[in-house]
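This report refers to the structure that appears directly beneath it.
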Amino acid sequence: MVMLYDHKESGKKLRATWRGPFVNTGYGGDMQRSYNLRQISGKPISRHYHGDSLKPFLLREGYIVTNEEAGLPMFQNIRLGKATFKLPKEQRTVTGSLPKS
């Protein structure tokens, strides 16, 4: 499995530089420097791509968050307002601070 370099989107900020993963199905040109690809679903891609535009796909280990881990505060997106983590009462105030009125 390989990733394909996206020449159109590569220079833009916050855009993905690589697309994929795709399955390499063999050589595509006469010089054996380009490769035919197909999608994971099995649909073939009509053209072939040079080997310099491809890199091996490496699966990230520990990247997928399970349902049990989704409730942990480190996996919650605070900007979406979905954080449910609260500090214990004794840690909410700083010692020596003014009491609440």
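Every read-out reported here was derived from the displayed coordinates using simple, explicitly stated rules and does not represent laboratory data. A quick note: this is a predicted structure, and the numbers were derived from the prediction, not measured. Cβ sites come from the backbone with ideal geometry, for glycine too, and all protein chains shown count toward neighbours.
Residue 18 to residue 48: extension gain in nm, 0.36 nm per residue of separation minus the Cα-Cα distance?
Details: separation 30, 0.36 × 30 = 10.80 nm, distance 1.61 nm.
The span from residue 18 to residue 48 would gain 9.2 nm if fully extended.
With a sphere of radius 15 Å drawn around the Cβ of residue 12, what net charge do the other residues whose Cβ falls strictly inside it have (Lys, Arg +1; Asp, Glu -1)? Spell out each step's value before the answer.
On the way: positive: 8, 13, 15, 19; negative: 6, 9.
That works out to +2.
Around residue 55, under 13 Å between beta carbons, what's the net of Lys plus Arg minus Asp minus Glu among the other residues?
Working: positive: 19; negative: 6, 52.
Summing Lys/Arg as +1 and Asp/Glu as -1 gives -1.
How high is the relative contact order of the range 2-56, in percent, counting Cα pairs under 8 Å that sit 6 or more residues apart?
Numbers: 93 pairs, mean separation 17.5, N = 55.
The normalised contact order for the range 2-56 reaches 32 percent.
Could you sort 11-21, 29-39 so that the peptide with the highest average Cβ count within 10 Å comes first and the rest follow in order? Present the calculation step by step, with values, prior to reporting the outcome.
On the way: 11-21: 11.1, 29-39: 14.0.
Per-residue mean Cβ counts within 10 Å order the peptides as 29-39, 11-21.
Could you tell me which of rounded, prolate or oblate describes the range 2-56, using a ≥ b ≥ c as the square roots of the eigenvalues of the alpha-carbon gyration tensor, with rounded for a/c under 1.5 and, failing that, prolate when a/b is larger than b/c and oblate otherwise?
On the way: a/c = 2.47, a/b = 1.51, b/c = 1.63.
Oblate.
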